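> Dropping the structure in here first, questions after.
The values are calculated or read from the model by the stated rules, or taken from the named source; none is laboratory data. Values in this document were obtained by computation on a predicted structure and should not be read as measured data. So basically every Cβ, Gly included, is an ideal-geometry build from the backbone, and we count neighbours across all protein chains shown. Accessible surface is based on the protein model in full, side chains and every heavy atom, while ligands, DNA and RNA are left aside. Shrake-Rupley method; radii C 1.70, N 1.55, O 1.52, S 1.80 Å.
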Amino acid sequence: MKQELEQIVKPIVKWYQEQEKILPWKQDKEPYHIWISEIMLQQTRIEAVKKYYTRFMKELPTIQHLAKVSDEKLLKLWEGLGYYNRARNLKKAAIQIEENYKGQMPTSYAELLNLSGIGEYTAGAIASISYQEKVPAVDGNVLRVVSRVIASKDDVLLPETKKRITKKLLEIMPDESGDFNEGLMELGEKICLPNTIPLCEKCPIQQFCIANKEKLTNEIPVRIKKQKRKVEKRTVFIVKYKDEIAIRKREKTGILANLYEFPNVMRRNNRRGDT
């Protein structure tokens with residue numbers, strides 16, 4: 001298995017290095033820039049992130065600015081990206097960096113994991129891209145690419161699968177660890193596509209991909225569907241007086257904490273249907 005994966009390293013690094021780096025956060029390898037972009041890119045498309053990233057950096061160009069920003073301004077800058085705890089954790093981490101690391105981003109994977117909101121993937125991305133530490137950065141794109149290369153039928157939604165693939169990648173990390181990680185991610189985003197026919201004819205590692213050879217790309221990666229999310233039905237009140245509309249602030253904890261909303265109440269089930 002190690003030998004099979006070792007074959008993909010050089011082609012991926014070469015392919016990535018030949019790509020045009022037009023994204024604003026790829027113009028340098030500044031760890032603060034990598035950190036903010038990676039958090040924004042979670043659950044959000046690249047094209048959508050561009051304008052948010054540019055605005056965020058204009059208002060908060062350094063860790064020091066982020067640590068001191070008001071919650072109101074921070075959430076306003078994040079408005080539209082969703083998953084607002086990501087923004088709150090950014091500020092918490094910035095304060096940690098100010099207090100524990102003299103205002104400088106930690107320079108190792110292990111230290112980065114100590115920061116609020118930074119998990120294994122984000123720590124791996126920052127450590128490898130900014131500091132060339134030989135650690136993987138495994139996201140959904142990477143899981144898909146590696147699963148297809150080795151024709152793994154393991155459920156990629158399971159933590160154990162991610163751990164196994166992370167361990168396999170750790171064994172083959174090259175000196176150009178950042179380029180390799182970004183190449184894997186970009187390959188999954190541009191070529192080794194999900195939920196459609198992958199562009200195998202454009203793939204730099206096509207010859208090494210078992211799923212491609214055995215025509216299994218429509219079956220891999222394997223995902224066992226989760227249970228449906230709970231849906232709450234609420235009645236929302238629009239209270240208007242002249243040019244003013246009433247809003248209220250949500251609770252300090254829970255979903256969308258401290259954000260503003262129209263007044264509303266939970267709807268009770270009605271045997272005759274909702275009215």
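> Name the single residue, out of those in segment 119-131 being open to solvent by 10 Å² or more (accessible area, probe 1.4 Å) and in contact (Cβ under 8 Å) with a residue 12 or more places away in the chain, that is nearest to the chain's Cα centre (by Cα).
Tyr121
> Kindly indicate the residue of segment 99-117 that is under 17 Å from Lys29 (Cβ atoms) and not in a helix (DSSP H, G or I) and also farthest from the chain's Cα centre (by Cα) among those meeting that condition.
By that ranking, first place goes to Gln104.
> In addition: Can you pull out every residue in segment 250-260 that is open to solvent by less than 100 Å² (accessible area, probe 1.4 Å) and either small (Gly, Ala, Ser) or touching a residue at least 12 places away in the same chain (Cβ under 8 Å) (or both)?
Once the filter is applied, which keeps residues that are open to solvent by less than 100 Å² (accessible area, probe 1.4 Å) and either small (Gly, Ala, Ser) or touching a residue at least 12 places away in the same chain (Cβ under 8 Å) (or both), segment 250-260 yields Gly254, Leu256, Ala257, Asn258, Leu259.
Every residue, every condition in (1) within 22 Å of the chain's Cα centre (by Cα); (2) farther than 17 Å from Pro11 by Cα; (3) in a helix (DSSP H, G or I); (4) not aliphatic (A, V, I, L, M), yes or no:
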residue: Val138; (1), (2), (3), (4): yes, yes, no, no
residue: Glu160; (1), (2), (3), (4): yes, yes, yes, yes
residue: Leu169; (1), (2), (3), (4): yes, no, yes, no
residue: Ile224; (1), (2), (3), (4): yes, yes, no, no
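> Just a yes or no: is a residue in segment 176-187 in contact with a helix residue (DSSP H, G or I) (Cβ under 9 Å, 6 or more places away or on another chain) and surrounded by fewer than 17 Cβ atoms within 10 Å (Cβ to Cβ)?
Within segment 176-187, not a single residue is in contact with a helix residue (DSSP H, G or I) (Cβ under 9 Å, 6 or more places away or on another chain) and surrounded by fewer than 17 Cβ atoms within 10 Å (Cβ to Cβ).
> Can you pull out the residues in segment 191-209 that are assigned to a helix (DSSP H, G or I) and surrounded by fewer than 15 Cβ atoms within 10 Å (Cβ to Cβ)?
Selection gives Glu201, Lys202, Gln207.
> Identify all residues within segment 14-50 that are open to solvent by 20 Å² or more (accessible area, probe 1.4 Å) and polar (S, T, N, Q); write none if there are none.
Gln17, Gln19, Gln27, Gln42, Gln43, Thr44
> Go over the candidates Glu133, Glu47 one by one and state the one that is closer than 30 Å to Lys190 by Cβ, assigned to a loop (DSSP other than H, G, I, E, B) and charged (D, E, K, R).
The conditions single out Glu133.
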